[in-house]
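**Q** Okay, here's the structure, questions in a sec.
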There are 2 protein chains.
Amino acid sequence: MRSLVLIGHGSHLNGESAGAVYRYAELLRARGLYDEVVEGYWKEEPSLRQVLRTTRSTDVTVIPMFISEGYFTETVIPRELGLGHQGPVPEGGVARVLGGKTVRYTLPYGVHPGMADVILARAREVLPDLSAQDTALIVLGHGTTRNENSNRVIYCNAEQLRASGHFAEVHALFLDEDPKVGTWPEVVRSPRVVVVPFFASEGWHTLETIPEDMGLTGEVTVFPENPHGPQTVYYARPVGTHASVADVILHLAEEARGASERGGDEDRTHAEAWAAFLALARQGTRVGEALITPHGGLFEIRHALDEGRPSDDLTTVVTPEGLRDLTRRDEGGHHRPVHTFRTLPRGWRAVLSEADLPRGMHSLYPAVVEESYAHQTHTLRATPWPTTARRQTGIYTKVQRATPEQVEAVSREVCSRCLKTRLWAGEKLPLTFFAGVPGAIPCPEACTYFIAEVREEVSGKRGQETVSGE
Amino acid sequence: MRSLVLIGHGSHLNGESAGAVYRYAELLRARGLYDEVVEGYWKEEPSLRQVLRTTRSTDVTVIPMFISEGYFTETVIPRELGLGHQGPVPEGGVARVLGGKTVRYTLPYGVHPGMADVILARAREVLPDLSAQDTALIVLGHGTTRNENSNRVIYCNAEQLRASGHFAEVHALFLDEDPKVGTWPEVVRSPRVVVVPFFASEGWHTLETIPEDMGLTGEVTVFPENPHGPQTVYYARPVGTHASVADVILHLAEEARGASERGGDEDRTHAEAWAAFLALARQGTRVGEALITPHGGLFEIRHALDEGRPSDDLTTVVTPEGLRDLTRRDEGGHHRPVHTFRTLPRGWRAVLSEADLPRGMHSLYPAVVEESYAHQTHTLRATPWPTTARRQTGIYTKVQRATPEQVEAVSREVCSRCLKTRLWAGEKLPLTFFAGVPGAIPCPEACTYFIAEVREEVSGKRGQETVSGE
């Protein structure tokens with residue numbers, strides 16, 4: 001039995017941020033090569049601190065869904081997963097045994113050699129008859145002085161594609177370092193030029209900066225009077241959103257040190273937690289704001305406030321993904337980075353098979369079944385705020401300066417909107433929903449949403465509508 | 001059977017604003033002269049639009065809990081109650097038959113001649129041995145050029161107390177008009193001076209402005225070298241918070257035109273609604289976020305998320321007032337001007353007798369039983385937003401300028417936090433909690449909280465943390 005975990009950045013503000021990870025997880029589930037594909041996030045749920053607990057097997061491969069190596073892949077993710085590793089990740093990744101699970105942590109997908117195929121696929125999308133006679137390729141990277149590796153991967157891909165013989169010439173150009181993208185008319189000689197942005201997703205750079213720096217007006221732009229004669233530029237979509245990234249992820253996972261097809265066993269604690277939950281669900285139960293009702297082998301989930309509403313008065317979905325999409329925003333349309341905020345929207349029902357129920361619950365209240373069961377069986381360890389604060393780096397280092405009063409002030413605003421009981425602040429929770437108290441859900445550690453709010457508080461900016469960084 | 005209704009201003013921001021009305025309602029209930037004492041508010045719940053529906057009898061006397069006549073007593077309250085009266089209220093009040101109820105609307109308590117006794121009582125509190133030999137009284141009013149009646153009541157009280165012979169001299173002085181309070185050392189000759197502020201409650205004026213203008217340093221201040229010799233000033237607390245205001249209220253109510261001790265009958269619709277609710281409660285039910293459980297003749301109310309929590313893990317109260325005080329603030333300590341916001345705190349239980357249950361529900365979800373029952377029986381009329389907007393005056397006149405998009409934008413922020421379904425915006429609600437859907441509660445008309453937010457939106461100020469006016 002094997003678990004594949006995809007780690008995304010996520011966002012406290014933008015509900016679309018997790019979209020790419022959702023999509024790859026769905027593609028990989030459809031391939032059926034892993035017994036489960038689980039998602040985890042820095043700024044959404046399940047968090048990096050929770051995600052390993054939510055995996056079903058003792059063999060876990062973790063893929064950072066990032067386009068390049070850097071602060072997140074080398075510092076934040078290994079630290080939050082508790083890998084005991086910091087810094088560059090070697091070829092083949094890092095393997096550890098954590099809580100009885102073998103956890104393999106790989107390089108980010110963007111540095112895998114297979115990305116050359118993704119670049120080629122993107123190029124062919126925009127210019128199907130590209131040819132070695134007349135077509136140049138520009139692999140376009142962001143470039144930065146902060147991490148020397150971030151340009152290396154662009155050069156490697158350019159080199160690999162040059163060797164492939166598909167193009168007359170291949171160039172590596174950058175937005176923020178030399179050789180700059182604006183120099184392309186001097187550098188590139190072929191009459192047809194394909195530009196593939198080596199970026200994780202569409203965004204400000206792919207939609208604004210690059211077209212502006214290159215003088216592009218759309219997918220195809222004709223330059224009649226360039227130094228090397230007339231040229232036509234074909235602007236491809238970013239590599240990071242191409243479906244074939246799923247293949248790269250599978251390669252990364254298979255090449256991880258010690259990976260085997262057999263994998264590990266079912267995690268016993270995980271199995272116990274879900275068996276206990278299933279027993280509960282079969283009787284019908286409430287968890288947080290949700291009501292779960294058995295229906296002849298299937299399970300219906302709806303908002304408990306909607307109990308008794310005729311089914312045809314509600315939007316019905318029959319997949320965990322449908323449930324996820326209906327509950328990602330509150331009734332005012334706002335992103336719900338913390339699923340246990342008491343803002344679960346109403347007006348829907350999900351009808352799920354027993355096999356889909358765990359993933360449905362995972363969408364609704366990520367990690368809640370696992371953590372509540374652990375609390376109920378006295379194996380959930382709380383992490384006090386000072387420990388959480390000390391661990392922070394980068395822009396969050398400053399939360400270490402927060403006074404107890406500031407932490408309490410943020411709790412009053414943030415945690416008062418949440419179902420969970422703050423074990424990390426010394427609050428007691430004698431029973432959980434496993435013992436029949438629907439609203440009783442443990443919070444073993446301050447979440448990143450809370451940490452970000454403490455940072456705002458320390459900066460004197462809380463309450464202002466600013467986009468938080470990192 | 002007779003109902004007494006006390007109307008307060010209330011506040012969207014300040015949880016203490018309704019405190020004085022709460023207290024008088026409790027005092028008057030204890031006297032037992034009325035079958036019920038109900039509270040209603042401009043900016044809290046039940047609103048002025050709802051309060052008559054919540055009264056149990058067909059004989060209703062409404063007392064505006066204001067210290068003076070003015071915009072609220074002459075314009076806002078009569079309009080919102082639907083009295084069909086605007087402008088000065090005559091001696092004996094205004095009487096109307098509304099929805100089968102006789103409704104008597106009186107002058108505000110502050111203009112009743114009985115206030116002279118309250119002034120005297122306040123004076124005696126601060127100087128028990130006041131005497132006609134050596135004691136002067138200053139009745140201190142706000143004074144304003146906006147309403148000529150507001151100084152008249154001060155002069156009347158001064159005149160009445162002068163005639164009573166308790167004081168050597170009696171003066172009417174004002175903060176904002178002549179004769180100004182700062183002139184007192186020239187005007188007042190007696191060695192002992194009692195100052196009674198004719199104000200509704202302690203506040204900025206009684207705590208800051210008056211002491212500053214008069215040079216007071218505390219309850220007792222000695223002025224050794226005044227023009228008329230040494231003087232000692234005894235500063236009393238404001239009249240509006242004295243317990244004997246309850247007597248004034250009763251006098252006002254008894255003197256209202258057409259008032260009789262027998263009063264009217266039980267309101268049939270009201271009785272039906274509560275009989276239906278009681279039947280529901282006897283089976284155990286959920287209403288909004290609350291769970292109601294019968295317990296051998298008593299009823300326990302708690303947050304539905306707390307179902308199954310051991311009782312000794314919860315704060316237990318046994319009165320409607322206790323329930324009110326536990327649910328006035330959310331878990332973050334914020335005032336809940338709209339009780340159906342989905343922020344009902346957890347951690348408490350109220351155990352109430354059948355007789356107290358209606359008042360308990362009235363504290364928890366004001367007017368919700370009456371309005372939901374009316375909706376269930378097809379007698380609840382929705383008021384569309386344009387009608388509500390057109391009715392507004394004063395600083396709220398500008399909500400008439402709100403575009404449909406602005407109204408929707410405010411709904412997304414405000415109404416998305418509320419349990420209620422906006423009938424006033426055309427939303428449908430086929431069933432209510434009477435039919436077993438806990439979260440199904442009708443909203444027949446935009447509340448004043450919503451109106452205030454629309455005003456902020458139209459002013460371009462919404463989202464800023466400003467204290468809203470009026």
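The values are calculated or read from the model by the stated rules, or taken from the named source; none is laboratory data. What you see is a predicted model, and the numbers here were worked out from it, not measured in a lab. Heads up, the Cβs are rebuilt from the backbone with ideal geometry, glycines too, and the neighbour counts pull from every protein chain shown.
**Q** With respect to residue B:300, is the statement that it is away from every other protein chain (no Cβ under 13 Å), surrounded by 15 or more Cβ atoms within 10 Å (Cβ to Cβ), modelled with pLDDT of 95 or more and farther than 22 Å from residue B:269 by Cβ true? First the steps, then the outcome.
**A** On the way: away from every other protein chain (no Cβ under 13 Å): yes; surrounded by 15 or more Cβ atoms within 10 Å (Cβ to Cβ): yes; modelled with pLDDT of 95 or more: yes; farther than 22 Å from residue B:269 by Cβ: yes.
Here the answer is yes, as residue B:300 does meet what is asked.
**Q** Hey, another quick one. Every residue in segment B:327-356 that is hydrophobic (A, V, I, L, M, F, W, C) and surrounded by 21 or more Cβ atoms within 10 Å (Cβ to Cβ), please. Break it down into steps so the answer makes sense when it comes.
**A** Going residue by residue through segment B:327-356, those that are hydrophobic (A, V, I, L, M, F, W, C) are B:338, B:341, B:344, B:348, B:350-352, B:355.
Listed by number, the residues that qualify are B:338, B:344, B:350, B:352.
**Q** Moving on to the next point. Considering only segment A:303-326, state which residues are within 14 Å of another protein chain (Cβ to nearest Cβ) and either among the hydrophobic types (A, V, I, L, M, F, W, C) or under 18 Å from residue A:362 (Cβ atoms) (or both).
**A** Correct list: A:303, A:304, A:305, A:314.
**Q** Can you pull out the strands (runs of 3 or more DSSP E) entirely within segment A:1-72 that have at least 2 residues that are within 16 Å of residue A:83 (Cα to Cα) and of a type in the set (Val, Ile, Thr)? Spell out how you get there, then give the answer.
**A** Details: elements: A:3-8, A:36-41, A:59-64.
Output list reads A:3-8, A:59-64.
**Q** I'd like to know if segment B:373-384 contains one or more residues that are more than 14 Å from chain A (Cβ to nearest Cβ), buried (at least 23 other Cβ atoms within 10 Å of the Cβ) and within 30 Å of residue A:412 (Cβ to Cβ).
**A** Within segment B:373-384, not a single residue is more than 14 Å from chain A (Cβ to nearest Cβ), buried (at least 23 other Cβ atoms within 10 Å of the Cβ) and within 30 Å of residue A:412 (Cβ to Cβ).
**Q** Could we say that residue A:395 is buried (at least 19 other Cβ atoms within 10 Å of the Cβ) and touching a helix residue (DSSP H, G or I) at 6+ places or on another chain (Cβ under 9 Å) here? So that I can check it myself, show each step before the final result.
**A** Working: buried (at least 19 other Cβ atoms within 10 Å of the Cβ): no; touching a helix residue (DSSP H, G or I) at 6+ places or on another chain (Cβ under 9 Å): yes.
It is false that residue A:395 is buried (at least 19 other Cβ atoms within 10 Å of the Cβ) and touching a helix residue (DSSP H, G or I) at 6+ places or on another chain (Cβ under 9 Å).
**Q** Next question. Counting only residues that are within 14 Å of chain B (Cβ to nearest Cβ) and among the polar types (S, T, N, Q), which one in segment A:262-294 is farthest from residue A:361 (Cα to Cα)?
**A** Among those residues, the one meeting the criterion is A:283.
**Q** Residue by residue through segment A:389-404, note down the ones that are in a helix (DSSP H, G or I) and not small (Gly, Ala, Ser).
**A** A:390, A:391, A:395, A:396, A:397, A:398, A:399, A:400, A:401, A:404
**Q** Can you tell me how many residues in segment A:182-231 are touching a helix residue (DSSP H, G or I) at 6+ places or on another chain (Cβ under 8 Å), closer than 30 Å to residue A:16 by Cα and among the aromatic types (Phe, Trp, Tyr)?
**A** Qualifying residue count, segment A:182-231: 2.
**Q** Only one residue in B:28, B:52, B:4 is of a type outside the set (Asp, Glu), modelled with pLDDT of 95 or more and closer than 20 Å to residue B:239 by Cβ. Which one?
**A** Working: B:52 fails: closer than 20 Å to residue B:239 by Cβ; B:4 fails: closer than 20 Å to residue B:239 by Cβ.
None of the others qualify; the one that does is B:28.
**Q** Name the residues in segment A:340-369 that are within 15 Å of residue A:438 (Cα to Cα) and away from every other protein chain (no Cβ under 14 Å), would you?
**A** Listed by number, the residues that qualify are A:361, A:364, A:369.
**Q** Among the residues of segment B:280-297, what is the count of those that are surrounded by 17 or more Cβ atoms within 10 Å (Cβ to Cβ), of a type in the set (Gly, Ala, Ser) and more than 15 Å from residue A:308 (Cβ to Cβ)?
**A** Number satisfying all stated conditions: 2.
Table: residues versus (1) outside any helix (DSSP H, G or I); (2) closer than 22 Å to residue B:110 by Cα; (3) not acidic (Asp, Glu).
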position	(1), (2), (3)
B:200	yes, yes, yes
B:206	no, yes, yes
B:210	no, yes, yes
B:226	yes, no, yes
B:232	yes, no, yes
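**Q** Now, a different point. From the list A:228, A:166, exactly one residue is touching a residue at least 12 places away in the same chain (Cβ under 8 Å) and touching a strand residue (DSSP E or B) at 6+ places or on another chain (Cβ under 9 Å). Which is it?
**A** Values: A:228 fails: touching a strand residue (DSSP E or B) at 6+ places or on another chain (Cβ under 9 Å).
Going through A:228, A:166 in turn, the sole match is A:166.
**Q** Would you point out which residue out of B:460, B:394, B:439 is of a type in the set (Gly, Ala, Ser), free of Cβ contacts under 8 Å to residues at least 24 places away in the same chain and either within 13 Å of chain A (Cβ to nearest Cβ) or out of contact with any Pro (no Cβ under 6 Å at 6 or more places or on another chain) (or both)?
**A** Working: B:394 fails: free of Cβ contacts under 8 Å to residues at least 24 places away in the same chain; B:439 fails: free of Cβ contacts under 8 Å to residues at least 24 places away in the same chain.
Matching residue, one of B:460, B:394, B:439: B:460.
**Q** Right, residue A:242: out of contact with any strand residue (DSSP E or B) (no Cβ under 9 Å at 6 or more places or on another chain) and crowded, with 18+ Cβ neighbours inside 10 Å or not? Steps first, please.
**A** Working: out of contact with any strand residue (DSSP E or B) (no Cβ under 9 Å at 6 or more places or on another chain): yes; crowded, with 18+ Cβ neighbours inside 10 Å: yes.
Judged against the criteria, residue A:242 is a match.
**Q** Considering only residues that are of a type in the set (Ser, Thr, Tyr) and surrounded by 24 or more Cβ atoms within 10 Å (Cβ to Cβ), which ones fall in segment A:51-67? Break it down stepwise before answering.
**A** Within segment A:51-67, the first condition is being of a type in the set (Ser, Thr, Tyr), and the residues that meet it are A:54-55, A:57-58, A:61.
Answer for segment A:51-67, where residues must be of a type in the set (Ser, Thr, Tyr) and surrounded by 24 or more Cβ atoms within 10 Å (Cβ to Cβ): A:54, A:55, A:61.
**Q** If I filter segment B:306-319 for residues that are within 21 Å of residue B:43 (Cα to Cα) and either surrounded by fewer than 22 Cβ atoms within 10 Å (Cβ to Cβ) or in the same structural domain as residue B:50 (by TED's automatic domain parsing) (or both), do I get at least one hit? Break it down into steps so the answer makes sense when it comes.
**A** First pass over segment B:306-319, keeping only residues within 21 Å of residue B:43 (Cα to Cα): none.
No: zero hits.
**Q** Step by step: first the residues of segment A:405-436, then only those that are among the polar types (S, T, N, Q) and either more than 10 Å from chain B (Cβ to nearest Cβ) or within 20 Å of residue A:383 (Cβ to Cβ) (or both), then the one that is surrounded by the fewest Cβ atoms within 10 Å (Cβ to Cβ). Which residue is that?
**A** So in segment A:405-436, the residues among the polar types (S, T, N, Q) come out as A:406, A:411, A:416, A:421, A:432.
Next, from what is left, pick out any that are either more than 10 Å from chain B (Cβ to nearest Cβ) or within 20 Å of residue A:383 (Cβ to Cβ) (or both): A:406, A:411, A:421, A:432.
Details: A:406: 16, A:411: 21, A:421: 20, A:432: 24.
By that ranking, first place goes to A:406.
**Q** Filter segment B:1-18 down to the residues that are under 15 Å from residue B:66 (Cβ atoms) and either more than 9 Å from the chain's Cα centre (by Cα) or in contact (Cβ under 8 Å) with a residue 60 or more places away in the chain (or both) and list them by number.
**A** From segment B:1-18, those under 15 Å from residue B:66 (Cβ atoms) are B:5-11, B:17-18; that's our starting set.
Passing the criteria: B:5, B:6, B:7, B:9, B:10, B:11.
**Q** Show the residue pairs meeting these rules: Cβ distance below 7 Å; 6+ apart or different chains; first residue within segment A:170-193 and in the same structural domain as residue A:154 (by TED's automatic domain parsing) and crowded, with 19+ Cβ neighbours inside 10 Å; second residue of a type in the set (Lys, Arg) and assigned to a helix (DSSP H, G or I).
**A** A:170/A:162
**Q** With the checklist (1) of a type in the set (Val, Ile, Thr); (2) within 30 Å of residue A:96 (Cα to Cα); (3) over 26 Å from the mean Cα position of the chain (by Cα) in hand, flag the one item residue A:217 doesn't pass.
**A** (2)
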